[in-house]
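Reviewing the structure listed below.
The values are calculated or read from the model by the stated rules, or taken from the named source; none is laboratory data. Since we're looking at a predicted model, the values are computed, not measured. Heads up, the Cβs are rebuilt from the backbone with ideal geometry, glycines too, and the neighbour counts pull from every protein chain shown. SASA here: full protein model, heavy atoms, side chains in, ligands and nucleic acids out. Shrake-Rupley method; radii C 1.70, N 1.55, O 1.52, S 1.80 Å.
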Amino acid sequence: MTPRKLIALTRAGIMESLQFRLGTFVTLFANLIYLVLVYYLWKAIYASSGTDVVNGMTFNDTMIYLILATALFNFLEMFIVWDMSRSIQSGKIILDLLKPMTFRKYTFWSYSGSHVVSFVLTFIPTFVVVMIVTKGAIHMGLNLLWFAIATVLALIINFNIEMIVATICLYTESTWGINIVKETIVLLLSGASIPLAFFPDKLGTVVRYLPFRAVYDTPLSILLEKNGSDTISGLLSLFGMQLIWVVVLTIAGTLFWNHSVRKITVNGG
Amino acid sequence: MEKNKRGLGFYLRIYRKVLVQDLKSKMSYRADFVISTIGMIMTNLAGFITFLILFGKFPSINGWDYHHMLFLYAFSLIALTPVQCFFDNNWNLRFMVQSGDFIKYCFRPINVFFYFISEVFDVKGLGQLAFGVGTLVYAWNKIGLVVSVPIILKLLLYLLTASLFMIAIMNAAAATCFWIQGSGYVMVIMFRFKDFAKYPASIFSGIFRVIFTFVIPIAFVAYYPSLVLLDPGNVPLLSWISPALGILFFYLSYKFWMLGVRRYDFTGS
Amino acid sequence: MGNEAIVMKDLCKDFKVLNRHEGLKGSIRDLFSRDYKTVSAVRNVDLTVNKGEMIGYLGPNGAGKSTTIKMMTGVLEPTSGEILVNGVVPYINRKKNCENIGVVFGQRSQLWWSLPLIESFKLLRDIYMVSEKDYQDMLELYRSLVDIEPILHKPVRQMSLGQRTLSDILAAFLHNPDIVFLDEPTIGLDVSMKAKIRSLIAGLNEQKNTTVILTTHDMGDVDALCKRIVIIDKGQKIYDNDIEHLKSYFGSYRTLRLKLDDDTWEETLIDESKTDIMEVINRADRQKKIRDIELIEISTEEVIKKIYEGEAS
């Protein structure tokens, strides 16, 4: 696997994403409306609560967190589960398996192009808008670098979660069911719909050790310097958690995939 | 020549037959049914947990207390059932359009929209219905609403109204794929908008109040119709006329969908 | 209405497509580009098909075949020109037009994927409002033409490609339509299945006097089924006549095969109106020893190829 091949895949992915030109604008617009909904909801919630700070989060903190979580969600979104079930049904999976690189690698790098596009087209504009609207509420320092690293790690964790769920599709045709379970769990337990800070203590403690929070909550906490990420030890423990999950999920995902593919090829399914 | 009498009765008969056949064939995929049902329960559970977490921290939103909010929540769940059960094939539309397979729906002497939609009946929506009904009964009791035949009839009428709006939203969202390549995200985000239907529309103000009432009518998916039951002494005009508006929105979305079929040039093949 | 099943006059269809640019930079430019070009898929086509005719509608890929079929089935609206199918303007009266046509699109099944074939048939019977007697008669006719029992109770998704194509063809004829459009009906099938499907189509056409419009790349289909062929290329009709006429037009062509001393066959296409065959053989014989000689009539396939290459126009 030469880097040139990988770059070629990324490039092809970028061009493919740009083909959907109107789709790109519509996605941006739909996101904006979604954020308006989020804004009004939390404004009402804070207005009714009577205090300005809840669980260490001000209204502004919550909004920035949720807006960036949405942008991150778009950026990280993959459709591996759907693609997989489609290519199994059409038999295209055989061709994918014959590609001169491992399927996991191939999938990861084919998606990298659309990641680049959505990062430039959704995350960066969102970030800039947030900066302007909040007049610089996000600290611009080393945290940006830490955030970038955490995001790459989040991307790998997310990819592995997707791949593991997609592998299950080799065993059952119930793609919808499997996908919705995954989506629900990830959205709730990663803090993408409600910031983890609002979770009740016991539930919050459990969730903090699960891989899902490493996808959304960790990069955002680091960016916003919450959850102790403004100290070296806090930062290290967040990164440590991410790294552990990267390793565990990569190994588990690879083993599960290899095992399943072997089984499927033997059965001729 | 005398074959031109395909009225409502004809379509109902065809629908019933397709449905019976579809259910029969679904029964032969038990594993799929079980997994999908688990998925459905999980999403509802996650939604409910989100709700509980929010109300654990904030006892009321915009003057609406826990039980009233629960009522809205349950109302929206029930109103979502028809779109889930009967209009689920909309999710496949963009794949069909992209691959060119959609053309097969145009070769029959029946309504294209009907033919397309009738193909899929989604059983798992019924799980959501059960969940919604249970919650509604609970909230109904806690609030201390009266039970009488006229009130139940009113409830049914306004539930139906609410679901018409949801169907209209999803129809229109799905139909965007006739114009825009890669518009899949529109459906995804519209489906996420529905999560905001369970909050009182009074949280919106200004232009967005208008948008979420008349353009993307999520205010009608629970808020306006349920006011008829929750606050009988003080029902706004919009609530009263919502059934007529619901029919209008459904009709418009249907026209939009059909316009897409006309406009689409079937070059996918 | 007369005897015409399909009448097309000066039919045109244009598409507007975005001019795409190459490379990464081009993709970014396309995001904002309004640079459209018009592509004529079908240009000034005149065609009349009589009832009961089976015509082969041929042309290279992208010639405009399926665009024409889509206009005849009412799915696409022509840019200009007239079109009448069974006396109906298809794109205005799509539903009415669909009553009287059947369509099979190669590998794209139109049946209910998870239902046994017989259930699909019953649904189609209801959709087309076929009377019970006509329906049973048709099933009877099917049974007399082909062995349908093994597939009748099988869900379409479990069928082989051949069985699926067979099912789709049966479904297209079920409501006894006046016209059936068959787009690549034998694509990807083995020889025996092809033969089965050809004889089925021929049988149905004979029994029911159904007009059949067949688009295919398989000349075997054309030879077996069609008396008349229409060829279009780049959106324009370039040939419309009997298949016999076509062959006679190129009748002076023969392929000469010579087996040489080293056991290899050498092929030459000879136009007898210009070259004398004996002369060619003699010339060859002087250079090498000839062990065997074969003379082959030109196949339809080669004739068509010649037409695509522009020799007949």
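Suppose we look only past 45 Å in the calculated P(r) of the protein assembly as shown. What percent of the Cα-Cα pairs does that tail hold? When all Cα pairs of the protein assembly as shown are counted, 39 percent exceed 45 Å. Within the accessible surface of the protein assembly as shown, defined with a 1.4 Å probe on protein heavy atoms only, the carbon and sulfur portion equals 61 percent. Only one residue of C:ASN282, C:GLY235, B:ILE38 has its Cα farthest out toward the positive end of the dipole of the protein assembly as shown, where Lys and Arg carry +1 and Asp and Glu -1 on Cβ, and that residue is B:ILE38. The separation of the range C:175-198 from the range C:111-169, counted between C-alpha centres, amounts to 14 Å. Secondary structure note: in chain C, about 70% of the DSSP beta bridges are antiparallel.
Measuring r between the beta carbons of C:ALA195 and A:MET140 and using R0 = 51 Å, the FRET efficiency lands at 0.10. The local environment of B:LEU72, defined by Cβ-Cβ distances under 15 Å, has a net charge of 0 under the rule Lys, Arg +1 and Asp, Glu -1. Between their Cα atoms, which of A:LYS135/A:LYS226; C:LYS95/C:LYS154; C:LYS25/C:LYS65; B:LYS17/C:LYS154; C:LYS51/C:LYS227 are more than 23 Å away from each other? Beyond 23 Å between Cα atoms: C:LYS95/C:LYS154; C:LYS25/C:LYS65. For the pair C:ASN61 and B:TYR29, label points projected 7 Å from Cα toward Cβ lie 3.2 nm apart.
Here the label points at C:LYS227 and C:ASP242, each 7 Å from Cα along the C-beta direction, are separated by 0.9 nm in the simple model. Placing R0 at 30 angstrom, the Cβ-Cβ distance between A:ALA8 and A:ARG86 gives a FRET efficiency of 0.80 after rounding to 0.05.
Which of the residue pairs B:LYS104/C:LYS208; B:LYS142/B:LYS198; C:LYS194/C:LYS305 have a Cα-Cα distance greater than 20 Å in the structure shown?
As for pairs spanning more than 20 Å Cα to Cα, those are B:LYS104/C:LYS208; C:LYS194/C:LYS305.
Spatially, the range B:198-269 and the range B:1-80 are offset by 18 Å when compared through their Cα centroids. The label point for B:ARG262 and the one for A:ASN55, both projected 7 Å from the Cα toward the Cβ, are 5.2 nm apart. Separation of the range A:122-190 and the range B:120-175, taken as the distance between their Cα centroids, equals 33 angstrom. Using the Cβ-Cβ distance between C:ARG143 and C:GLN107 with R0 set to 30 Å, the FRET efficiency from 1/(1 + (r/R0)^6) comes to roughly 0.70. In order along the range C:90-101, phi translates into HN-Hα couplings of x, 6, 7, 10, 4, 5, 5, 4, 5, 4, 10, 10 Hz, rounded to whole numbers, per the Karplus curve 6.51 cos²θ - 1.76 cosθ + 1.60 with θ = phi - 60° and x for Gly and Pro.
Length available on full extension from B:VAL215 to B:LEU153: 0.36 nm per residue minus the Cα-Cα distance, which gives 19.5 nm.
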